[in-house]
Amino acid sequence: MSLSDEQVRHVARLARIALTDEEVAGLASQLSDILAYAEQVGEVAAGDVVPTSHPYPLAGVARADAPGPSLGQDEALANAPAVEDGRFRVPRIVGEEA
Amino acid sequence: MSSAYEAVIGLEVHVELGTRTKMFCGCPTDFGGEPNTKTCAVCTGQPGSLPVPNAAAIEAAISLGLALACEVAPRSQFHRKNYFYPDMPKNYQISQYDVPICADGHLDVAVDGTSRRIGITRVHMEEDTGKSLHVGGTGRIAGADHSLIDYNRAGIPLLEIVSEPDVRGPEEARAYLAELRGIVRALGISDAKLEEGSMRCDANVSVRRRGDEAFGTRVEVKNMNSLRSLQRAVAHEIERQGALLDAGEAVTQETRHWDEDAGRTSTLRAKEEVFDYRYFPDPDLVPVTPERADVERLAAALPELPAQMRARLTGGLGLSDEAAVTLVDAGLVVVLDEAVAAGAEPAAAAKWLANEVLSWCREADVDPAGVPLAGDALAELVDLVARGTLSTKLAREVLVGVLEGEGRPGEVAKARGLEQVSDEGELVTLVDEAIAADPAAAEKVRGGNDKAIGALVGAVMKASRGQANPQRVNELLRERLTS
């Protein structure tokens, strides 16, 4: 399967990545190669193999509803670019209205 | 809106679970506290951290699914829902996508005595987001200067309950939400408070020409935080879409915000396609595979649900439909059951609960489900009225005393001096005094004018400062004047 430039722009938009026209063309071919590589799985996997979401034969793992330690406020905010009143300060949110 | 249209409504309800810890980590879920003091490497999405699902949240999801007659999936999966918004520190929310833990159930709801079955598409598990504070402007995102985020709530377990588009009107939407809330509360998995956000409801509303099979364009309406607000918002939206169609215009697919004060909806954002969230299986989380035996154990442990309670109240206890609905919705059935067990007559106990107790709760701003009234205290009150020790009027005052923690009904009546004069000797003295004080009235009664007895009863009641039993006074007067 090969990706069109338009599909690459759509994916870039979803990921909020700005691309030049040259980058779009380059990525279209590179991503198509990756998809083609992954498609080889379809050639070897028979129809009776269910899609696998997880590489390990593990299921039904859960933990008891028992509290554990949390980070302190200072520690939680330690790597924040900006802090105000004990909260993460983020720039104005655009593209959404509420 | 002209009646040529029919509304098609589906509801999406989120319930914040009352577990002790978050969905995928051990951070506490209790309300309040300083911002960003209940987070850890997992719920802030630090590289290398590993989420592990909360067993209690999984059980709550299964219990709710069973209560809604759903199938429980032997194997379901968590997905990442990717989006750009700072309310999740990970840039994605862990949710369930193609295989939810529970699916294909139903809920029967009644409007004006007519019951309809609403399909339940799915019940799935996900995590709550952080709380944003928008600084500058009006406090909404638009016009704000910047935003502040508290991640204490990020990661708290949520159940999302999605209905089929089977709801046909505002009243039915309200009834559905009320019934679902009752079930969630009966299960004890959440306090399910719409006003405080531990239960939230979005409505997908469309209208179509009556008789049409195809659905109209769907609009999602958000921000309804009470049953009444849901009913109003849905009614408004149906009206708005009908008016558009009447005018030959098209309904735009979008998300709209309900403004409770203005009583109308306004555009929030154009609908993002489902595809845009780029769901994919969370590689950090293995499939959820409840054991058959655990599902059976949870099914056997389901408590009495609201519909069953109402049936028992109207059937076995002989209450009216209205009383049953009121008591079940208010969460007062436990008190009623205790009172009946303590010997109270069901109808009398129910009447006190539905009228006096509920109105006291409203005034005192107390959640009726937690009313400080023991069932046997209510039984005692009902008994004091039945034996004539308290008039209904005095009993109301005694009840207030009991609710305000002054003691048991008998003690409150004594302490507040509210007991009716039941001392026969004292009553006889008062009756004789009243006859002596108004010989004209006494003569009329002796002469067969029955109405004249009212003046004498009134005089005795006045002399006893309202504490005599009027019925007994009447009897004593007749004994004196007709023999």
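The values are calculated or read from the model by the stated rules, or taken from the named source; none is laboratory data. This structure is a prediction, so every number in the text was calculated from the model and none was measured. Glycine gets a Cβ as well: all are built from the backbone with ideal geometry, and neighbour counts include every protein chain shown.
Worth pointing out:
- If the condition is being surrounded by 20 or more Cβ atoms within 10 Å (Cβ to Cβ) and facing another protein chain (nearest Cβ under 9 Å), then the range B:44-55 contributes B:THR44, B:PRO53, B:ASN54.
- Test: B:ILE101 is closer than 15 Å to B:MET125 by Cβ, out of contact with any helix residue (DSSP H, G or I) (no Cβ under 7 Å at 6 or more places or on another chain) and of a type in the set (A, V, I, L, M, F, W, C): no
- With a requirement of 3 or more residues that are touching a Cys at 6+ places or on another chain (Cβ under 9 Å), without any contact (Cβ under 8 Å) to a residue 40 or more places away in the chain and within 28 Å of B:SER266 (Cα to Cα), none of the strands (runs of 3 or more DSSP E) lying completely within the range B:115-194 satisfies it.
- Here the range B:283-301 is the region considered, the condition is being assigned to a loop (DSSP other than H, G, I, E, B), surrounded by 15 or more Cβ atoms within 10 Å (Cβ to Cβ) and among the aliphatic types (A, V, I, L, M), and the residue that is nearest to the other protein chains (Cβ to nearest Cβ) is B:VAL286.
- Among residues of the range B:163-181, those that are hydroxyl-bearing (Ser, Thr, Tyr) and under 12 Å from the mean Cα position of the chain (by Cα), counted: 1
- Subset tally (residues that are within 16 Å of B:ASP438 (Cβ to Cβ) and surrounded by fewer than 19 Cβ atoms within 10 Å (Cβ to Cβ)) for the range B:465-475: 1
- Residue match in the range B:3-19 (condition: in a loop (DSSP other than H, G, I, E, B), closer than 30 Å to B:GLY242 by Cβ and of a type in the set (S, T, N, Q)): yes
- One residue from B:GLY155, B:GLY139, B:GLY143, B:GLY188 being buried (at least 24 other Cβ atoms within 10 Å of the Cβ) and either outside the structural domain of B:ALA57 (by TED's automatic domain parsing) or on the phi > 0 side of the Ramachandran plot (or both): B:GLY155
- Residue match in the range B:350-368 (condition: farther than 24 Å from B:ILE183 by Cα, crowded, with 17+ Cβ neighbours inside 10 Å and not acidic (Asp, Glu)): yes
- Selection of the range B:27-43 for residues being over 27 Å from B:ARG181 (Cα atoms) and either of a type in the set (Lys, Arg) or facing chain A (nearest Cβ under 7 Å) (or both) yields B:GLU34, B:PRO35, B:ASN36, B:THR37, B:LYS38, B:THR39, B:CYS40.
- Qualifying position, being of a type in the set (Lys, Arg) and over 30 Å from B:LEU477 (Cβ atoms), among B:ARG408, B:ARG416, B:ARG387, B:ARG396: B:ARG408
- Residue satisfying all of: in the range B:229-260; in a loop (DSSP other than H, G, I, E, B) and in contact (Cβ under 8 Å) with a residue 12 or more places away in the chain; surrounded by the fewest Cβ atoms within 10 Å (Cβ to Cβ) among these: B:ALA250
- Residue in the range B:266-279 that is surrounded by fewer than 18 Cβ atoms within 10 Å (Cβ to Cβ), away from every other protein chain (no Cβ under 14 Å), modelled with pLDDT under 95 and over 19 Å from the mean Cα position of the chain (by Cα) present: no
- For the range A:33-54, the criterion of being of a type in the set (A, V, I, L, M), surrounded by 15 or more Cβ atoms within 10 Å (Cβ to Cβ) and either within 23 Å of the chain's Cα centre (by Cα) or within 14 Å of chain B (Cβ to nearest Cβ) (or both) is met by none of the residues.
- In this structure, B:TYR83 qualifies as facing chain A (nearest Cβ under 10 Å), over 29 Å from the mean Cα position of the chain (by Cα) and of a type in the set (Phe, Trp, Tyr).
- Of the criteria (1) touching a helix residue (DSSP H, G or I) at 6+ places or on another chain (Cβ under 8 Å); (2) under 30 Å from B:GLU291 (Cβ atoms), which one B:THR39 fails: (2)
- Subset of the range B:200-220 [part of a loop (DSSP other than H, G, I, E, B) and either over 13 Å from B:ARG240 (Cβ atoms) or aromatic (Phe, Trp, Tyr) (or both)]: B:ARG210, B:GLY211, B:ASP212, B:GLU213, B:ALA214, B:PHE215, B:ARG218
- Looking only at the range B:168-182, and only at residues there that are surrounded by 22 or more Cβ atoms within 10 Å (Cβ to Cβ) and aliphatic (A, V, I, L, M), the one that is nearest to B:ARG200 (Cα to Cα): B:LEU177
- Residues (free of Cβ contacts under 8 Å to residues at least 40 places away in the same chain and under 19 Å from B:LEU159 (Cβ atoms)) located in the range B:74-91: none
- Cβ-Cβ under 6 Å pairs, at least 6 apart or on other chains, the range B:359-371 side within 11 Å of B:LEU332 (Cβ to Cβ), far side small (Gly, Ala, Ser) and part of a helix (DSSP H, G or I): B:PRO368/B:ALA330
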